[in-house]
Structure formats: structure tokens, C-alpha cells
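Q: Okay, here's the structure, questions in a sec.
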Amino acid sequence: MPNLKKIYEETIVPQLMKDLGIANTMAVPRLQKVVVNVGIGQNKVNPKFAEMVKANIEAITGQRPVIRKSRKAISGFKLRAGDEVGLMVTLRGEKMYDFLQKIAHVTLPRLRDFRGLNPKSFDQAGNFTLGFKEQLIFPEITTEKSESTHGLEVSMIINSKSALKSQKLLESFGFPFMKEQQNG
């Protein structure tokens, strides 16, 4: 499979310039980073859970995750300041493009009853967030290796301020979006 970064620079940028009516190549929407987050709230009940999740995220992204700790105590959640609450990986450069290519062409087609990504998942800044309920849809994770399932969240940070431009960029990367339903 050809490198997504090379495809972006050679074919996607000129196509987006034509489609969006942009004259300057620096004004074309560009991916800045991809952030993968996983919550490890079960860590208190199952101490091995954090290690399993850490190994899974490292296998999926190819990069070691950073442990995120709580900033303040919340008694309703039995949470103390400094408790480990999640794992995070920030991908940039070649690894980011390889990860996006894997999601678009390998992982999303493996989803059961997949009808496309929801275009309402864009925030006001044009960033897109995608949630997965299980880590087992990634080809690196096997059911024998994973004792329990966990979800993960993938946030794609795009320098565009418009959700429409960001959606055009992700569609050109191969991400399928749901079509708007016509009523009546």
C-alpha cells in the first residue's frame, strides 16, 4: 500500500485546492496530530488491567502510551488526586499517516453493521473524534492475548476551522461518512 503522506502531498492537496477553491497550498486543511485515549478506571478493581491496556495500545499505535493522572479528587467517583485514570498516545508524522491508513482501510471495514462515520462528530474547531467500543477490531490484537475488552477514542486534530473542510480532508484519506437522510 502506498504511503498516505506521499498521496496527500501529491494528489490530495491539489484536489482539495480545486474542490474548496483555495489558491494557496498552505491554506489546505492539514492533519496536525492524532491522539489516542483510553480510560483505565477499572485499574482499582483489576490491577493487571492497566498493563494489558498499555500493551494493547502500544501494539495498536506502535508507540508507548503516557499514563494520565487525575488532577483533583472527586469523592463521587472514589477518585483521589494523582490516581491513574487513563493512557494517551500522540502520533505525528509518518506514524500518524500510517495509523490513519490502517484505520480507514483495515479497521473500519472490520466493523459489524458499519454504515459510515457520523459527520456530527466534528467539533467547532473542525477536529474529528472517533470512538471504538472494543480494541479487538484492530488486527494486532487477538482474543487470546486480551483478557477483557476496553474502548478507545481517536481524535484527529486538523488545522481547518471548518467541519466541512475537515470532512473533505478525511474523505480524501478514505474515511467513509454517512450520507444525510432526506425526510419526505
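Q: Would you give the gap between the C-alpha center of the range 56-135 and the C-alpha center of the range 1-38, rounded to a whole Å?
A: One Cα centre to the other: 21 Å.
Q: Hey, got the dipole for the range 21-119? About the Cα centre, +1 on K and R Cβ, -1 on D and E Cβ, debye to the nearest 20?
A: Dipole magnitude for the range 21-119 comes out near 320 debye.
Q: Could you work out [θ]222 nm for the chain from helices alone, using -39500 (n - 2.57) per DSSP H run of at least four and dividing by all its residues? Round to the nearest 500 deg cm²/dmol.
A: Details: 5 runs with 46 residues, N = 184.
Helices in the chain give a 222 nm mean residue ellipticity of -7000 deg cm²/dmol.
Q: Would you list, by chain and number, the aspartates and glutamates whose Cα falls below 19 Å from the Cα of Lys120, excluding same-chain residues fewer than 8 positions away?
A: List returned: Glu153, Glu171, Glu180.
Q: Mind ordering 108-117, 57-66 by average Cβ neighbours within 10 Å, highest first? List each step's numbers first, then the result.
A: Details: 108-117: 11.2, 57-66: 17.3.
Highest to lowest by the protection proxy: 57-66, 108-117.
Q: Excluding same-chain residues fewer than 8 positions from Lys6, which lysines have a Cα within less than 22 Å of its Cα?
A: Leaving aside lysines fewer than 8 places away in the same chain, those within reach of Lys6 are Lys18, Lys33, Lys95, Lys102, Lys165, Lys168.
Q: While we're here: Pulled fully out, how much extra length does the chain show between Arg115 and Asp19, if you take 0.36 nm times their separation in residues and subtract their Cα-Cα distance?
A: Values: separation 96, 0.36 × 96 = 34.56 nm, distance 2.50 nm.
Stretched out fully, the Arg115 to Asp19 stretch lengthens by 32.1 nm.
Coordinate-derived values only; no laboratory data. The structure displayed is predicted, hence computed values, not measured ones. Here Cβ is always computed from backbone atoms with ideal geometry, including for glycine, and neighbour counts include all displayed protein chains.
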